[in-house]
Amino acid sequence: MDRGIPLFKIRGIQIKMHYTFPLILVWAALQFGLLSGRGLGGAAFGVIVTSILFAIVVLHELGHSFAAQYYGVDVKQIVLLPIGGVAQLARIPEKPSQEFVISIAGPLVNFALAAALAVVGLSAGLQLGLPFAFGLPAGVSAGAVFSYIFAANLFLALFNLLPAFPMDGGRVLRSLLAMRLDYAKATSIAVVIGQGMALLMGLWGFASGSFFLVLVAFFIFSAAGQEGRMARMRSVLGDVTVQQAYSRQVYTMQPSATLRQAIALTMSSYQSDFPILEGEELVGLLTRGRLEEALKKSSDDQSVSEVMRRDLKPVSPDERLYVVQKLMMEAESEVLPVVENGVFLGLITAGDIGKVYRLASRWPGFARSRVGIAET
Ligand code: ZN
């Protein structure tokens, strides 16, 4: 998710375009032009409305982002994907009222835009129906673009308000429930409602022969389940922090060490990921995946610094485990370095988190017991 073409920054938020994004413009050109028999004019129409559509998606995501910033939540970036946009928030606020405002802010932007377009379109009817200056075929006009964009805003607002994860409506529903119930219970109810909706949508898709709808339904169903698992994770792990779970005694390597030495360490220990330290400073992490990948391509006398991951951001000992779990998923890594005030302390792995999860789900007193704080 971190990969993408940076476009611009607003209030510290980097807007990025995923590499596959230009494909959607090509698709739009084909769809509106060649495939619908409207030629170049149609293709231009497709590219124009699709570009405007994504500008609108950026505004929608900025709605979420500004609301989040208002509550002091960091917004890392907004990524434009072919299927829409994603605003990456550092965290989802625990307070239901805050989650409610952040979730509904996106669709509200679309409602506001639709209302503004309606007012402008109705009062200054001039825009509507005017053909483009460069002579497009009939039917492809500024007016057509205008009404298309108006309709798209309404559609985006309503679609996003469907009460199913991962749509905004799912979060709106969860936050409303969480105002009266506990967070995990509220989430599981919202998950069931969302999955029920996805099932209905899928059935409707089958009945109407819309393969696309079935696909969307399937996506919603699994995303809702995923959200449910995350919430369970969060309620089980509670306030357990990295401090209680990370591995302290780990082998580290120097940047100049070879892959052969890494293999030897892997074989003679439990460890399969190695922090690379230059003096005292952490400069990278040789993950098992990277090591195996490198061995496929080249010899084992390569230095670890050539193949190590440099993009993995360290976590602090105070970070909560369920947050770390999320960071791992985002970074596509099963291990993260633990660093405090620039000092390398150890590693936290998916295995460590799994161990805590199993303990905590069998022994509800775990989180309160403060077991595992092995201070050195
Ligand atoms: Zn949204």
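Residues that are surrounded by 16 or more Cβ atoms within 10 Å (Cβ to Cβ) and over 30 Å from I24 (Cα atoms) within the range 70-83 comprise just one, V73.
Working only within the range 286-298, note down all residues that are surrounded by fewer than 17 Cβ atoms within 10 Å (Cβ to Cβ) and more than 17 Å from P337 (Cβ to Cβ). Scanning the range 286-298 gives E292, E293, L295, K296, K297, S298. With modelled with pLDDT under 85 and assigned to a helix (DSSP H, G or I) as the only criterion, which of A157, A118 stands out? After applying the criteria, what remains is A118. Residues in the range 76-91 that are among the hydrophobic types (A, V, I, L, M, F, W, C) and either in contact with an Asp or Glu (Cβ under 6 Å, 6 or more places away or on another chain) or part of a helix (DSSP H, G or I) (or both): 3 in all. Residues that are crowded, with 19+ Cβ neighbours inside 10 Å, at pLDDT 85 or above, closer than 29 Å to V101 by Cα and within 16 Å of the ligand (Cβ to nearest atom) do occur in the range 13-27, at least one of them. Scanning the range 230-249 for residues that are modelled with pLDDT of 85 or more and out of contact with any Lys or Arg (no Cβ under 9 Å at 6 or more places or on another chain) returns Q243, Y246, S247, R248, Q249. Being of a type outside the set (D, E) and without any contact (Cβ under 8 Å) to a residue 24 or more places away in the chain holds for only one residue in S316, S333, S298, S303, and it is S298.
Given the condition in a loop (DSSP other than H, G, I, E, B), at negative phi and not β-branched (V, I, T), answer yes or no: does some residue in the range 53-75 qualify? Yes, that holds for at least one residue.
Of the candidates A138, A152, A164, A133, the single residue that is within 16 Å of the ligand (Cβ to nearest atom), among the hydrophobic types (A, V, I, L, M, F, W, C), in a loop (DSSP other than H, G, I, E, B) and modelled with pLDDT under 90 is A164.
Whenever a residue of the range 104-123 is under 13 Å from V172 (Cβ atoms) and of a type outside the set (F, W, Y), its partners that are near the ligand (Cβ under 9 Å from one of its atoms) and part of a helix (DSSP H, G or I), lying with C-beta atoms within less than 6 angstrom and at least six residues away or across chains, give the pairs A105/G63; A105/H64; G106/H60; G106/G63; G106/H64; G106/D168; P107/N160; P107/D168. Evaluation of F111 against the conditions (1) within 18 Å of N153 (Cβ to Cβ); (2) within 11 Å of the ligand (Cβ to nearest atom); (3) in a helix (DSSP H, G or I) shows that the sole unmet condition is (2).
Screening the candidates Q243, Q254 for the property of being within 21 Å of V323 (Cα to Cα) and of a type outside the set (K, R) yields one hit, Q243. Each residue in the range 43-58 was checked for being away from the ligand (no atom under 16 Å from the Cβ) and either in contact with a Cys (Cβ under 6 Å, 6 or more places away or on another chain) or without any contact (Cβ under 8 Å) to a residue 60 or more places away in the chain (or both), and 5 pass. For K76, the conditions (1) touching a Leu at 6+ places or on another chain (Cβ under 8 Å); (2) at pLDDT below 90; (3) within 20 Å of T50 (Cα to Cα) all hold with the exception of (3).
Restricting attention to the range 18-33, the residues that are part of a helix (DSSP H, G or I) and touching a Gly at 6+ places or on another chain (Cβ under 9 Å) add up to 9. Looking at this structure, is S303 small (G, A, S) and loosely packed, with under 13 Cβ neighbours inside 10 Å? Spelling it out, it is not the case that S303 is small (G, A, S) and loosely packed, with under 13 Cβ neighbours inside 10 Å.
Okay, residues lined up against (1) of a type in the set (A, V, I, L, M, F, W, C); (2) within 16 Å of the ligand (Cβ to nearest atom); (3) farther than 27 Å from E319 by Cβ:
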{"site": "R38", "(1), (2), (3)": "no, no, yes"}
{"site": "H60", "(1), (2), (3)": "no, yes, yes"}
{"site": "A87", "(1), (2), (3)": "yes, yes, no"}
{"site": "Q98", "(1), (2), (3)": "no, yes, no"}
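Considering V242, V283, V250, V315, the condition of being more than 25 Å from L89 (Cβ to Cβ), surrounded by 18 or more Cβ atoms within 10 Å (Cβ to Cβ) and touching a Pro at 6+ places or on another chain (Cβ under 9 Å) is satisfied by V250 alone. The listed residues are A184, A223, A190, A231, and the only one of them that is farther than 30 Å from I52 by Cβ and under 19 Å from the mean Cα position of the chain (by Cα) turns out to be A231. Could you say whether any residue in the range 196-216 is of a type in the set (V, I, T), crowded, with 20+ Cβ neighbours inside 10 Å and modelled with pLDDT under 90? No, because not a single residue in the range 196-216 is of a type in the set (V, I, T), crowded, with 20+ Cβ neighbours inside 10 Å and modelled with pLDDT under 90.
The values are calculated or read from the model by the stated rules, or taken from the named source; none is laboratory data. No experiment lies behind these values; they were computed from the predicted model shown. FYI the Cβ positions are ideal-geometry reconstructions off the backbone, even for glycines, and counts take in every protein chain you see.
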